[in-house]
Every structure is written in C-alpha cells, then in structure tokens.
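The values are calculated or read from the model by the stated rules, or taken from the named source; none is laboratory data. Please read these numbers as outputs of a predicted model, since none were measured by experiment. No Cβ is skipped: glycine too gets one built from the backbone with ideal geometry, and neighbour counts run over all protein chains shown. Heavy atoms of the whole protein, side chains included, go into the accessibility calculation; ligands, DNA and RNA do not. Shrake-Rupley method; radii C 1.70, N 1.55, O 1.52, S 1.80 Å.
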Amino acid sequence: MKKIKKMFAVFLSVILGISILSILSSSFDQSKGVAAPAKKDIVKVWTFPVEKEYDKNFEWIRADFEKRNPGIKIEKEVLSWAEGIMKFDTAINAGNPPDLMFVTPAAKYIQTGLAVQIDKYVDKKTLSDYYDSALEYMKFNGKLYGLPLYMKIHTIAGNRKLLEEAGIDWKKIQQNGWTWDEFKRLAKRGSKTRPDGTKQWGFVFHAAGTSITELLEHMLANNGLPYMFDQKGNYTYTHPRFLQTLKFIKSLIDEGIMPKETNQITPQKRMEYFYTERAMIVGKAMPYYEVMVADNNKQIREKKAPPEYKEVDFVLLPEPHAAGQKPVTIGGVDGYSMFKQKSYRGNVKQEEHLKNVAKVLVALTSGKAGISAKILCLPQVTKSGDKMWKDKYTMKPENKQMVDILFKNILPPIQVDVDKAVKAQRIFDEVIKAEWPALLSGDITPERMYNDVKKAAKEAFGR
C-alpha cells in the first residue's frame, strides 16, 4: 500500500511539473529561449500623398516613433485624393473609422459620436508647442479633435510670360490686389485665339472632380461671405451678395474669360491648360505649385513631358475681391483628426489604445513632421517646427513675399453648433453643390439657384 501511495505521489509530481513547464513555455520563444513579446497595439492611420516626399517622410517619423515606443505599431494606408474622403465617410458611417484620418473636424463626423476630443490624451505642455491660430481649425464648438500638420493657403496663379504679353503688371497686383472689375478687364486680355487656331483663356478654374464648388467658395469669401454662418450664428448664403457672386462667376463664362465647359474641367485638366499655355491664370493654386511647376519644367527639358507642354514661369497672385469688400485668403489647416471605433477589438484596453493613438498623432504633426510644411512652402504650425525648418525654405522671392501677404488675410474659423452645421451642409450638398454644374452650363440662372438656396434655408432655419 505504501508503495502504491509513493508511486502515485511521484506520478502527481511529474504531471504537475509538466503542467508548470507547459505554462512557462507558452511565455517563451522555445527556439531562442527568451520571453515571447506581447502583442503590439496597432494604430491605423489613413492619409493622402500630402507632398511628393511624404511617403519617405512618414516612414522616417514612423521608424523613429516605433523605436521609442516598441509596444506600438503604426499601420498606414494611403488614400487617393479623388476617392479617399468617400472611403472614410463609408467607414465612419459603418462605425469603423481608422484611428487617425487626414481630415479636419466636421459636423457630420462629430455627430457619429466617434470623433475623439484629444485634450484628455495630449497634455497642455505638448499642446503649447502648437500655434493657437492653427489649433482653432482643428476644433469644433471649442473642442479639440485633432492636430494640424501645416497652415494651408489657396489662391490663384499666373503664367508670367502670358501675363506680360497681355501687358499686366503682376507685381503691382501682388502688392495691391485687384477688384472683380479690374480682374475681369485684365483677364479678358488673356482670352484669344492663338495662331494655331486653339483657344487661350484668361482664367481657368476646375469645377469637376471632388471639390467642384471651390471657385464659388473662393469668390463668396471675397464678397464678404467667407463662411455659411456669421459670428452670431446666422446663415449667410441668403444675403444678396450670394446672388451677386453667382452673377459675377457666370459673367466670366458668358464674356469668354473662362471656358464654357468649365463644369467639365478637373484639377488635372486645369493644369493641362496651364502647361500648354491655354490658360493665363489658373485656380486654385497653392505655394507648392511652384515646386510642381519646376518639376514639370525639368521634365520638359529632359523631354519626358507631353510634347505640347511648355515651361512656365509660375507667379502667385491674390484672388480678386468685390469692390468695397476686404480681400480674403482661403486657408486654414490640414491635419489629422482622432477617432474611435463603435466596436473596438484591439490588443490592449481601449483607454490605453486611445492614449497610444494620441502619441502617434503628436508624432505625425509636430517638430520633425514640419518638413512637410517646408516642402509645401507653407507656414509651420508649431514653434518647434519653426525652429527646425524656418531657414530651409526655397521659393522665388516674389512668391515668398506673396505668401506672407496672403497669410495675413486668412480669417479665423467660425464655431457653429453641430445641429446648425449639419442643416447647412445638407443645403450645400442638396442645393448648392447639386445645382452648381447646371448654373455654369447655363441650364439654370443665378436667380433660380439663389431662390432655391433661400427656400431651403427657410425650411431649415425658419428665416
């Protein structure tokens, strides 16, 4: 009996030993004899080809971040400019957005409940590195939902050769600006039939593709209507200046300054007009276009560009403004907003995950990330970025001076409550954006579109 008990005790010891070894071995890499690493927290980032070196710059920032934060892995997906926002809208409406998206806060995103206020996850000391003027654009109703990467400037630009052939003093315009009447009179000089029978236009602006209403928004801003709401929260697009703006834009087509097929011109097609000298002035334009145009000039010299392309001496210009109105530069920021998922399934608890997402957000927008603003010839959004990159900008002096002037004319954003913003966006999508192509083609009149906007506004806001 004693022998049986002894054998049973030995058997139990063996079983227990095997169990303990099994448990221990599950925490070790048996091939190397070291502890197996815990699963990393994955932060998903959706972005765009922000600038020509952004993929390389992103990888540089990611490698540095992951070296300092070995428990976090950044997964990047690059979206196309044409379809990226639509893909994101689909994802967030399905409750599964990426952790970080290259987009500024909007009412439709806040309304989902998935946009994350970052104040809880980014400390005040870190936020103090960002300029307040830049942070304002990443807020909605005073709450911060992301961080900016650079200040953006949208304007128009000209071909120096064609401007001077038309007798236009572009340096004077850079310094003093121009009214709508002056713009129309001078731009008309650039519209003509060339010796080969093709048409050259004084002004070409895209109205097809994704952002089809940018021309309207730019002109409204320079006619005293920079936002859909004023400081008191009143909807502004029912003002008679909205109708005046529609009439001015339509007159540019009717008087032969812009092509009749404007509503079919994409941003890519617009640049084809510019590169083939079929457009004296184009919009929208950005300071970065100086770099793009220089690259295209190089392609032409190396005979790698289409044979009809010609070298362009790129000149930044201010957008024209209505008489009596203050010139305004369409601007703001581009940056990353932070989101959570409706049904989170990650390798760490959600609160820890959100803290990690915030760390990635800071890495992708501060200090070293300011290299993108430098490449894009745009102002920095952080003090650390200014110190790091301020002496590394390369622009033509006249264009750099123009950037400095334009930057002073960027207005701060207007904060509007979500309900009003959603209603205004609906009017914009269902009336303004829907009828805009028809207005440009002459299928409806400015008066018809204006009255439809007023009717929709009355239904939405009761006035």
Mean Cβ neighbour count within 10 Å, used as a protection proxy, ranking 156-163, 389-396, 234-241 highest first: 156-163, 234-241, 389-396
Summed side-chain charge close to residue 61 - residues other than residue 61 whose Cβ falls under 15 Å, Lys, Arg +1, Asp, Glu -1: +2
Sequence-distant residues sharing a close amide H with residue 410 (under 5 Å, placed H): 329
From phi via Karplus (6.51, -1.76, 1.60), per-residue ³J(HN,Hα) for the stretch 103-108 in Hz, x at Gly/Pro: 7, 8, x, 9, 4, 5
Scaled radius of gyration (Cα, divided by 2.2 N^0.38 Å) that the stretch 422-463 gives: 1.13
Of 310/390; 67/383; 139/390; 359/390; 303/390; 56/383, those spanning more than 28 Å from alpha-carbon to alpha-carbon: 310/390; 303/390
Eligible aspartates and glutamates near residue 455 by straight Cα distance, threshold 15 Å, same-chain separation 8 or greater: 429, 430, 435, 447
Residues in the stretch 261-278 reached by a label modelled at residue 313 [backbone nitrogen below 16 Å; 7 Å Cα→Cβ]: 277
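Sorting check: for 421-430, 302-311, which peptide has the highest mean count of neighbouring beta carbons within 10 Å, and how do the rest follow?
Top to bottom by mean Cβ count within 10 Å: 421-430, 302-311.
Once R0 is set to 45 Å, what does the formula 1/(1 + (r/R0)^6) return for the Cβ-Cβ distance between residue 66 and residue 426, expressed as a FRET efficiency to the nearest 0.05?
E(calc), rounded to 0.05, equals 0.60.
Where only protein heavy atoms count, and the probe is 1.4 Å, what is the accessible area per residue for the stretch 300-421 in Å²? Write down the numbers at each step before the final one.
Numbers: 5860 Å² over 122 residues.
Averaged over the residues of the stretch 300-421, the accessible area is 48 Å².
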Percentage, to the nearest whole number, of Cα pairs in the chain over 29 Å apart: 56 percent
Mean residue ellipticity (222 nm) of the chain, computed from DSSP H runs ≥ 4 via -39,500 (n - 2.57), nearest 500: -12500 deg cm²/dmol
Surface share of carbon and sulfur [accessible, 1.4 angstrom probe, percent] for the stretch 114-183: 45 percent
Note, ³J(HN,Hα) from phi for the stretch 387-394, Karplus 6.51, -1.76, 1.60, rounded to Hz, x at Gly and Pro: 5, 7, 10, 4, 8, 10, 6, 10
D_trans [Stokes-Einstein, Kirkwood Rh over alpha-carbon pairs] for the stretch 98-216, 4 °C, 1.567 mPa s, µm² s⁻¹: 70 µm²/s
Volume per residue of the C-alpha convex hull in the stretch 306-463, rounded to whole Å³: 268 Å³
Amide H partners (placed H, <5 Å) of residue 104, local residues excluded: 335
